[in-house]
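Undergrad: Below you will find the structure I want to go over with you.
The values are calculated or read from the model by the stated rules, or taken from the named source; none is laboratory data. Computed from a prediction, not measured in an experiment: that's the story for all the values here. Note that each Cβ is placed from the backbone with ideal geometry, even for glycine, and that neighbours are counted across all protein chains shown.
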Amino acid sequence: MSGRYVRAVIGVVLVAAVASVRVASAQEEDKKVEVSATLGWTFSDGVGGDIEDRFGNELTSIDPKDAFSWNLRMGYMVNHNTEFGFLFGVQATSLEIGVKPPAVERSFTLGDETLYNYHGYFAYNFGESHSVRPYVLIGLGATHFGAVSVDALTLPRPNTDVPPTREIKGSTKFSSTWGLGVKVFPSKSIGLRLEGRWTPTYIKTDAEGWWCDPYWGCYTAGDAQYANQFELGGGIAFRF
């Protein structure tokens, strides 16, 4: 076999190898849609205040309890690093009320509640690897606090005039969500997602007094209060 023939064969093999790598890369790049399902645990807090109920108790806080949560999301990869998508999350919890002495208890559970999160998001995926993708995520949307069925017997100093059960209506508030995580794809289509995410939800603004400025004049100053969800979770991810 002549040297010229050997060099020709080697050249053909190299060209074929490079072409196959490019085809595989192109196939992977074509997978633009990512769908994930995750499970986690959410550490929650609510808001504080000084409110007196009909039994003379001073209420100091209203907090969702820490509880199990789950999420579904769909993202579209605009390019290798930039992702836009939608995130839906649910936390099944209960609402806890804090009270000051001389109440019967310092805190008590008001009833079960479900929190729903709806956020459109932007995520930036770091690095060039297709198998390991650290990312940051920022989202805007709303949090819905579901209705709470209150059992009057759980209230401090129950009164016979109070109906056995009554419902506190739910409400929807503006919220954002901020995440940090990593996606690991051992195969081209199926992988794992690990994430930590913080979701602050605006609840109210308490008046703190007056603020006066020689140019703008006087106006009331407020203290904004947020309910917070800190979630640690993980799950499965699919590429299409």
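Undergrad: Can you find a residue that is under 24 Å from F43 (Cβ atoms), loosely packed, with under 13 Cβ neighbours inside 10 Å and at pLDDT 85 or above anywhere in the range 186-195?
TA: Checked against the condition, which is being under 24 Å from F43 (Cβ atoms), loosely packed, with under 13 Cβ neighbours inside 10 Å and at pLDDT 85 or above, the range 186-195 yields no hits at all.
Undergrad: On to the next question. Of everything in the range 83-113 that's in a strand (DSSP E or B), among the β-branched types (V, I, T) and modelled with pLDDT under 95, which residue is farthest from the chain's Cα centre (by Cα)?
TA: V99
Residue-wise test of (1) assigned by TED's automatic domain parsing to the domain that holds Y116; (2) more than 26 Å from the chain's Cα centre (by Cα); (3) at pLDDT below 70.
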site	(1), (2), (3)
I10	no, yes, yes
A19	no, yes, yes
R22	no, yes, yes
V35	yes, no, no
F43	yes, no, no
G48	yes, no, yes
R54	yes, yes, yes
I62	yes, no, no
R73	yes, no, no
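Undergrad: Let me ask something additional. Looking at the range 127-143 only, could you name the residues that are surrounded by fewer than 17 Cβ atoms within 10 Å (Cβ to Cβ) and either out of contact with any Phe, Trp or Tyr (no Cβ under 7 Å at 6 or more places or on another chain) or at pLDDT 95 or above (or both)?
TA: Once the filter is applied, which keeps residues that are surrounded by fewer than 17 Cβ atoms within 10 Å (Cβ to Cβ) and either out of contact with any Phe, Trp or Tyr (no Cβ under 7 Å at 6 or more places or on another chain) or at pLDDT 95 or above (or both), the range 127-143 yields G127, E128, S129, V132, P134, V136, I138, L140, A142.
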